[in-house]
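First comes the structure, then the notes that go with it.
The values are calculated or read from the model by the stated rules, or taken from the named source; none is laboratory data. Here the structure is a predicted model, which is why all the values come from computation and not from measurement. Because the Cβ atoms are built from the backbone with ideal geometry, glycine has one as well, and the counts that use them run over all protein chains shown. To get the accessible areas, we keep the full protein, side chains included, count just its heavy atoms, and leave off ligands, DNA and RNA. Shrake-Rupley method; radii C 1.70, N 1.55, O 1.52, S 1.80 Å.
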Amino acid sequence: MDHFLYRDGALFAEDVPVADIAAAVGTPVYVYSTATLVRHFRLFDEALAGMDHLICYAMKAASNLAILKTLAREGAGMDVVSAGEYLRAKAAGVPGDRIVFSGVGKTPAEIRLALEGGVRQFNVESEPELEAISAIAASMGTTAPITIRVNPDVDAKTHAKIATGKSENKFGIPIARARDVYALAASLPGIDVVGIDVHIGSQLTDLAPFETAYSKVADLTEALRADGHDIRRLDLGGGLGIPYTRGNEPPPLPSDYGDLVRRTVGHLGCEIEIEPGRLIVGNAGLLVSEVIYVKSGEGRDFLILDAAMNDLIRPAMYEAHHDIVPVIEPAPGAEQHPFDVVGPVCETGDTFARQRVMPPVAAGDLVAFRSAGAYGAVMASEYNSRPLVPEVLVDGDKFAVIRARPTFDEMINRDTIPEWL
Ligand code: LLP
């Protein structure tokens, strides 16, 4: 459920007409709903109630400081994967002991930054990384809390580009080798082994792969404890999918996921961490765009928008579906028409939808891409020298620009011309 609903024939973000935001800020623009963000966070929190837990929001999904602050206020920790994300989490007021550092290629500078500023744990993905963390922590006279990310060789049954838990993926340490790597960790200076980490992929719409992976983690917990390791924390990753298409059967709810966590690892007495990104912010964001032209092609009509693949790359990159709705509610029974919905960027890949059946829309109308909050603005670029898309946060009847659209001068003046030119 989200807070983007039609009221008296117009799409609202909570209590603000979407058209008012477009008029004030221009299009394209991302619009987020505070109530939806908070609601989704609380669903996870309630789902894990009764277990000692921390929800570390995977901020790669949407990392605007205002979004981070909204979630931090609810008690969220953060899952970060770069120095930039770490510094954003800090800038939003998240203390180091609520920041989990993930990622397959942490650099020495990133490890040092997190050890200096405080970190809840590093989720370690390889032996060389473990050795690097050990050497850096020891040289600083400190100890790094770590988990090892294990790769359980589970098919997450999601898009190949976002599946991470198969043995051929670059992530984690093969679970069969985990005991050896934990033994190595225990022998190294500057390392405090606190638990196990697993993350098998994103946009999972079936709980079965989670069940398989978490059962393997439960077995591994017992084996590692028998080996003498104090496994007291399990980071179960993110990945629960969201409904992208209205009317289709929705994926399992956070409460179903919470029951699964309780069933598979609840008996171990570990502190539970999860790293959801998409489910918290995905349906809390719209991308609002204006129709520039309606063009008749050979046997098809094109809806040419002012948003493009540089603003929302998911359809081009993952063949992702986003519902696209007019900001003025169509009359009941309005005639529907198939359009290819495209942006102005100069490549055919700049196509949001093919033969999408839509109510009547005309040049100058506003449309909204639903479910665009996760992996939308954060993956935007300035391709075709289109200024980075701005972001707006709504809270009740208030809205604020949380990232302004750069001016053309700001965009161009970031470049410098060498003195020899
Ligand atoms: N934890 C780790 C270690 C991750 O790699 C990810 C996502 C998450 C948590 C959060 O997963 P979520 O709950 O959001 O599914 N750009 C792609 C998605 C990439 C996901 C990368 N990792 C997309 O637009 O679909």
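Some observations on this one:
- Wholly enclosed strands (runs of 3 or more DSSP E) of segment 1-100 bearing at least 2 residues open to solvent by less than 30 Å² (accessible area, probe 1.4 Å): 10-13, 29-33, 53-58, 77-80
- Filtering segment 257-306 to residues that are away from the ligand (no atom under 16 Å from the Cβ) and within 19 Å of Ala22 (Cα to Cα) leaves Val288, Ser289, Glu290, Val291, Ile292, Tyr293, Leu303, Ile304, Leu305, Asp306.
- Test: Arg370 is within 16 Å of the ligand (Cβ to nearest atom), charged (D, E, K, R) and modelled with pLDDT of 95 or more: yes
- Residues being outside any strand (DSSP E or B), under 28 Å from Leu37 (Cα atoms) and either in contact with a Ser or Thr (Cβ under 6 Å, 6 or more places away or on another chain) or open to solvent by 40 Å² or more (accessible area, probe 1.4 Å) (or both) - total across segment 396-414: 3
- Of all residues making up segment 128-154, the number that are more than 16 Å from the ligand (Cβ to nearest atom) and either under 30 Å from Asp206 (Cα atoms) or acidic (Asp, Glu) (or both): 2
- Residues that are assigned to a helix (DSSP H, G or I) and surrounded by 15 or more Cβ atoms within 10 Å (Cβ to Cβ) occur at least once in segment 189-210.
- With respect to the stated conditions, Leu184 is within 20 Å of Val104 (Cα to Cα), modelled with pLDDT of 95 or more and either of a type in the set (A, V, I, L, M, F, W, C) or more than 22 Å from the chain's Cα centre (by Cα) (or both).
- Selection of segment 279-308 for residues being touching a Leu at 6+ places or on another chain (Cβ under 9 Å) and open to solvent by 10 Å² or more (accessible area, probe 1.4 Å) yields Leu279, Glu290, Ile292, Tyr293, Val294, Lys295.
- The residues in segment 311-342 that are free of Cβ contacts under 8 Å to residues at least 12 places away in the same chain and either at positive phi or crowded, with 19+ Cβ neighbours inside 10 Å (or both) can be counted, and the count is 1.
- Residue ID - nearest to Val193 (Cα to Cα), chosen from residues in segment 124-178 that are of a type in the set (Lys, Arg) and surrounded by fewer than 16 Cβ atoms within 10 Å (Cβ to Cβ): Arg177
- Flag for Thr212 being under 22 Å from Arg370 (Cβ atoms) and out of contact with any helix residue (DSSP H, G or I) (no Cβ under 7 Å at 6 or more places or on another chain): no
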